Amino acid sequence: MKQINLLPKLRQQELRYESVLYSLFVAIWISAISFGLVFGTQIFTKFYLQRQAGVIKADIERLRQQVNKQDNAKTRAEIKVINDTITDYKNLASAAPKWSKVLTAFSLLPPPEITISSFNVDAGKKLINITGFSPSREKVLELYNKILNDNENFYNVDYPLENLVKPTDISFHFSFFVKDELLK
């Protein structure tokens, strides 16, 4: 079937233009609604993701603090044990007298002919007991006088008279105290 349009040409053209215009309005409305929906979805998604990011950051920070508390407690306990050990060592080291200076100071005193057979130290009392052998009484007296005259390092020399009984081949023993300055 054939259609015949009897409308004037100008009116036919107007109808075509109206049809095109109507199609354009429909396309514009569909585009505007689509644009609005997409824009609205993007804004909603942005706010949703920002809120989720804030929640996740808060969770991460809470977990970090919890882990830090656990790690810090463990680390602090380890550090405390190490510091206590170091402090104990320092206390023991400072409390222990330095006997090397005492030995150095005493080693200069005996004459070459005298043999020291024992050198005993009572650290608590700072008392030294020595025993030895001397070929003569004079060397024992010389050692006694050297210890007695070294009042910078030693004091209160106990010199038993039995050390002077024999004139030769004497086994002797002395006791004397060490000054605190020498032990530092």
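The values are calculated or read from the model by the stated rules, or taken from the named source; none is laboratory data. Just so it is clear, the model here is predicted, and its values are computed rather than measured. Methodologically, a virtual Cβ is constructed for each residue, glycine included, from the backbone with ideal geometry; neighbour enumeration extends over all protein chains shown.
Please find, among Q13, Q3, the residue that is farther than 30 Å from V178 by Cβ, more than 46 Å from the chain's Cα centre (by Cα), assigned to a helix (DSSP H, G or I) and not aliphatic (A, V, I, L, M). Talk me through it step by step, then tell me what you get.
Values: Q3 fails: assigned to a helix (DSSP H, G or I).
Step by step, each of Q13, Q3 is checked, and only Q13 is farther than 30 Å from V178 by Cβ, more than 46 Å from the chain's Cα centre (by Cα), assigned to a helix (DSSP H, G or I) and not aliphatic (A, V, I, L, M).
Applying the selection to the range 140-158, what residues are closer than 17 Å to S117 by Cβ and over 53 Å from the mean Cα position of the chain (by Cα)?
So in the range 140-158, the residues closer than 17 Å to S117 by Cβ come out as 140, 143-144, 147.
Listed by number, the list holds a single entry, V140.
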> at pLDDT 85 or above and closer than 23 Å to D180 by Cβ - does that describe any residue in the range 131-139?
Replying inline: no
>> Suppose we filter A105, A93, A77, A73 for residues that are in contact with a strand residue (DSSP E or B) (Cβ under 9 Å, 6 or more places away or on another chain), outside any strand (DSSP E or B) and hydrophobic (A, V, I, L, M, F, W, C); which single one remains?
In response: A105
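Each row is one residue, and each column tells you yes or no for (1) modelled with pLDDT under 80; (2) of a type in the set (A, V, I, L, M); (3) touching a Leu at 6+ places or on another chain (Cβ under 6 Å).
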| position | (1), (2), (3) |
| --- | --- |
| V67 | yes, yes, no |
| N72 | yes, no, no |
| T75 | yes, no, no |
| K80 | no, no, no |
| S94 | yes, no, no |
| P97 | yes, no, yes |
| F106 | no, no, no |
| L109 | no, yes, no |
> So is T87 under 27 Å from K179 (Cα atoms), not assigned by TED's automatic domain parsing to the domain that holds F174 and not basic (K, R) or not?
Replying inline: yes
>> So, in the range 116-175, how many residues would count as being over 17 Å from L103 (Cβ atoms), without any contact (Cβ under 8 Å) to a residue 24 or more places away in the chain and either of a type in the set (G, A, S) or not in a helix (DSSP H, G or I) (or both)?
In response: 8
>> Give me the residue from the range 114-124 that is at pLDDT 85 or above and exposed (fewer than 13 other Cβ atoms within 10 Å of the Cβ) and, out of that set, nearest to R137 (Cα to Cα).
In response: T115
